[in-house]
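Asker: Mind looking over this structure? Questions follow.
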């Protein structure tokens, strides 16, 4: 099955991390670090690189008819640090896609949070925060491949400016309760993906640091 959240069904080891100063780093790209991040390809290779942009090291992503992502397994205690923080921008958008269909399930940028189902793999759940090309901001819908096990949330849509940084802060615990009706206390992994493997298009994005925080 295509699409990134599915790989977590077979992951066996998890990493716990301590919270320092109410901030739990996940992606320390500005420190030129990718420790703990792994790569997964579905079709071709999206090119992920640590590069300096405007004097700051970030993670750039360039996809040409490819679908691959980066993920980091780490247990996050949402009772302690429920807020996911990151920044991102895109260089161009994918247009003319029905993003609620399998053929249109491509995005310039997305950030995932995943709760594993363990042996009951059908209970695995994910939220995809996406930078949509054709879907209006704040729209929510089930993923075309995973159904209501993976809910999509458009944080930006076609109205968003290109090449402009956007800072995000999401209460992941509240979002899981809203989208799944469950009070989730921990998540098991975070992932990012820039993909064009269904549409055979080309797109670029830039991801800044990712961290969890108490507030």
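Nothing in this text is a laboratory measurement; each read-out follows from the coordinates by a stated rule. Every value quoted in this text rests on a predicted model; they were computed, and no experiment measured them. Cβ sites come from the backbone with ideal geometry, for glycine too, and all protein chains shown count toward neighbours.
Asker: How large is the helix-only mean residue ellipticity at 222 nm for the chain, computed as the sum of -39500 (n - 2.57) over DSSP H runs with n ≥ 4, divided by its residue count, in deg cm²/dmol to the nearest 500?
Answerer: Value at 222 nm, helices only: -1000 deg cm²/dmol.
Asker: Another one. Compute the FRET efficiency between residue 51 and residue 161 as 1/(1 + (r/R0)^6), taking r as their Cβ-Cβ distance and R0 = 22 Å, and round to the nearest 0.05.
Answerer: 0.55
Asker: Compute the Rg/Rh shape ratio of the chain: radius of gyration over Kirkwood radius, all on alpha-carbon atoms.
Answerer: Details: Rg = 15.8 Å, Rh = 17.0 Å.
My calculation of the ratio gives 0.93.
Asker: Also, quick follow-up: By its C-alpha gyration tensor, with a ≥ b ≥ c as the square roots of the eigenvalues, how is region 140-182 shaped: rounded for a/c under 1.5, else prolate for a/b larger than b/c, else oblate?
Answerer: oblate
Asker: Right, here's the next one. Roughly what % antiparallel, to the nearest 5, for the DSSP beta bridges in region 95-214?
Answerer: Details: 17 of 23 bridges.
For region 95-214, the DSSP antiparallel bridge percentage is about 75.
Asker: Take the Cα gyration tensor of region 116-215, multiply each eigenvalue by 5, square-root it, and list the three semi-axes largest first, rounded to whole angstrom.
Answerer: Ellipsoid semi-axes (Å, largest first): 24, 18, 14.
Asker: I'd like the antiparallel share, as a percent to the nearest 5, of DSSP beta bridges with both residues in the chain. Before the final figure, lay out each step's value.
Answerer: Numbers: 63 of 70 bridges.
Taking every DSSP beta bridge within the chain, about 90 percent pair in antiparallel fashion.
Asker: OK, next. Normalised by the residues of the chain, what does the relative contact order come to in percent, with Cα pairs under 8 Å and at least six apart?
Answerer: Value for the chain: 34 percent.
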